[in-house]
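Engineer: This is the structure, below, for whatever I ask next.
Please treat every number below as a calculation from the coordinates, not as lab data. The model shown is predicted, which means the values in this text are computed figures rather than measured ones. Using ideal geometry, Cβ is built from the backbone for each residue, glycine included, and neighbour counts are taken over all protein chains shown.
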Amino acid sequence: MDAVDLAYAGIARQAQLIASGEVSSRELVDLYLERIERLDRSKSGENLNAYRIVFAERARLEADQADARRGAGGDSGRRPLLGVPIAVKDDIDVAGEVTTYGTNAYGAPAATDAEVVRRLREAGAVIIGKTNVPELTQWPFTETATFGATRNPWNLQHAPGGSSGGSAAAVAAGLVGAALGSDSAGSIRIPAAWCGLFGLKPQRGRVSMAPRSRGWHGLSVKGLLARTVADTALFHDVASGAIDVDADSVPAPDVPFSTAAATYPGPLRIAYSTSVPAGAIARLDADARKAFDETVELLRSLGHKLTQRDPDYGAGAIPALLVRYLRGIHDNAVALAHPERLERRTQSMSRIGGLIPPSLLERSLAGEAEFARKLGSVFEDHDVLLTPATAQPPPRIGRLQGRGALWTLNTVAGWVPYNGVWNVTGQPAAAVPAGFGSDGLPRAVQIVGRPADEATLLSLAAQIERERPWAQQRPPEFS
């Protein structure tokens, strides 16, 4: 396998290669460090800027330790990610390193790893660096005054999405096999869709949020930006499970996620819809519509039963999302060591969130079950819901530079109207690549599953992946 193929192999394949001795962890880490040095910050003055910081020496040391473990008799059964590099989104703690949340308002370095990072290390992964995010992870684009703009590997004039924009750009550019992300209103699914990756938002409570008990009042979950469905399934096999700190938890699946991803489903009842919640002003891009329609026909050809059916968003979908989203931004802002250093737009968002009284937040949380029941009625006679992943393609870099908080919020809401409601209900949803538009940029669809049914989404996505082997596609400038 040549160097470029290895860089794009994905973590499941890389784990196999290391376990068999065909590749060493040190060779893989050195490959990524060379690509990061060459490609992340040296593209004709238009930096990709996926990484906020790279742990070069630490990663080499961890790789050498992984190779020593394998050479001493193998550790692949207990450590299924032994020696595999993974990047971490910069809203997740890595011991000894600051967690910036995309701002210079941060405080002291983290004393310990976040639980999800600890589990990755326990599985043998090498943490290679931290990836850029928008300030306080609040936007579906990754541009900050402190760390600059992160760009889309498919076209450096466009955004990779957000808030897991750095993670998506790094994986899409072959600068790491997979990267941790978080999703509070689409922040895994949106950058996955805009960078040609698979991005699963798992069930709330599936992956630990520790050291926090919850994020954004229950909207946020941790997950992965990955090249293949198998990569995501392997991650969830090793990283899933709540601990005492977590406010939410769900039972372990009946079968390993990797087993679900390796087993194509029987005929499924799939509802499909392009409708958006009441109050959302969105126009579906023609290429996104084409990708959606082609996916409907593909699924029909695979034997699934497709029915046009709009979910019952009701009048309260956007308010249910906004109350937690805005209050979450405010709570995160005031908890920072130096909130006065936040960008003006972020300070405005925090002030707006501060106007939401605790009583309104409590009513919103109390109404979640009824909202989820009403919205989830589509699953009474369907197994999966299919929607576009986003309404618009990746915006140009700087599209909203200098715009105020409300202007920005209203604009981005029209770009990504399909995602946040499923953070309110907490159920799993995934962005699945669906080809490219006439502009050469990726398009995607979203599949939504019943509560705690990631297995069906992984199985269906793997079946689509077999028909559309998207991981073979690589941005030309990074091949």
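Engineer: Can you bin the range 192-278 into rounded, prolate or oblate? Criterion: square roots of the alpha carbon gyration tensor eigenvalues sorted a ≥ b ≥ c, rounded for a/c under 1.5, prolate for a/b above b/c, oblate for the rest.
Structural biologist: On the way: a/c = 1.62, a/b = 1.22, b/c = 1.33.
Since a/c reaches 1.5 but b/c is at least a/b, the shape of the range 192-278 is classed as oblate.
Engineer: Pop a pseudo-label 7 angstrom from the Cα along the beta-carbon direction at both Ser301 and Arg341 and give the gap in nm to one decimal.
Structural biologist: With each label placed 7 Å out from Cα toward Cβ, I get 5.4 nm.
Engineer: What are the lysines whose alpha-carbon lies under 16 Å from the alpha-carbon of Lys222, with same-chain residues fewer than 8 places away excluded?
Structural biologist: Here the lysines satisfying the reach criterion relative to Lys222 are Lys89, Lys130, Lys201.
Engineer: Stretch Arg351-Ala72 to full length: gain in nm at 0.36 nm per residue minus the Cα-Cα span? It would help to have the intermediate numbers written out before the result.
Structural biologist: Values: separation 279, 0.36 × 279 = 100.44 nm, distance 5.65 nm.
The span from Arg351 to Ala72 would gain 94.8 nm if fully extended.
Engineer: If we count other beta carbons within 10 Å of each Cβ, what is the order of Met1, Met349, fewest first?
Structural biologist: Working: Met1 11, Met349 26.
Ranking Met1, Met349 by Cβ neighbours within 10 Å, fewest first, gives Met1, Met349.
Engineer: Hey, another quick one. Using 10 Å bins from zero, what percent of all Cα-Cα pairs in the range 58-125 falls into each bin?
Structural biologist: The distribution over the range 58-125 is 21, 43, 26, 9, 1, given as percents.
Engineer: Would you please classify the overall shape of the range 289-415 from the alpha carbon gyration tensor, given that a ≥ b ≥ c denote the square roots of the eigenvalues, rounded means a/c under 1.5, and beyond that prolate means a/b larger than b/c while oblate covers the rest? Don't jump to the answer; show the numbers that get you there.
Structural biologist: Values: a/c = 3.33, a/b = 1.56, b/c = 2.14.
Taking the square roots of the gyration eigenvalues as a ≥ b ≥ c, the range 289-415 is oblate.
Engineer: Would you mind computing, in nm to one decimal, how far apart the modelled labels at Arg58 and Glu122 are, each placed 7 Å from Cα along Cα→Cβ?
Structural biologist: Simple spin-label model gives 2.0 nm for this pair.
Engineer: Give me the orientation-averaged projected area of the Cα convex hull of the range 3-478, in nm², one decimal. Numbers along the way, then the final one.
Structural biologist: Values: hull surface 79.9 nm².
If I average the Cα hull's projected area over directions, I get 20.0 nm².
Engineer: Right, another one. Let me make sure I get this right: for the range 348-479, a, b and c are the square roots of the gyration tensor eigenvalues over alpha carbons, sorted descending. Under 1.5 in a/c it's rounded, otherwise prolate if a/b > b/c, else oblate. Which is it?
Structural biologist: On the way: a/c = 2.89, a/b = 1.16, b/c = 2.49.
Oblate, since a/c reaches 1.5 and b/c is not below a/b.
Engineer: Rank these for me by crowding, Lys89, Lys222, going from fewest to most other beta carbons within 10 Å. Kindly include the intermediate steps, with their values, before the conclusion.
Structural biologist: Values: Lys89 31, Lys222 27.
Taking fewest neighbouring Cβ atoms as first place, the list is Lys222, Lys89.
Engineer: I've got another one for you. Please order Phe436, Phe257 by the number of other Cβ within 10 Å, starting at the fewest. Working shown, then result.
Structural biologist: Working: Phe436 17, Phe257 27.
In order of increasing Cβ crowding within 10 Å: Phe436, Phe257.
Engineer: Take every DSSP beta bridge whose two residues both sit in the chain, then give the antiparallel share in percent to the nearest 5. Show your work: numbers first, answer last.
Structural biologist: On the way: 31 of 45 bridges.
Given both bridge residues lie in the chain, the antiparallel proportion sits at roughly 70 percent.
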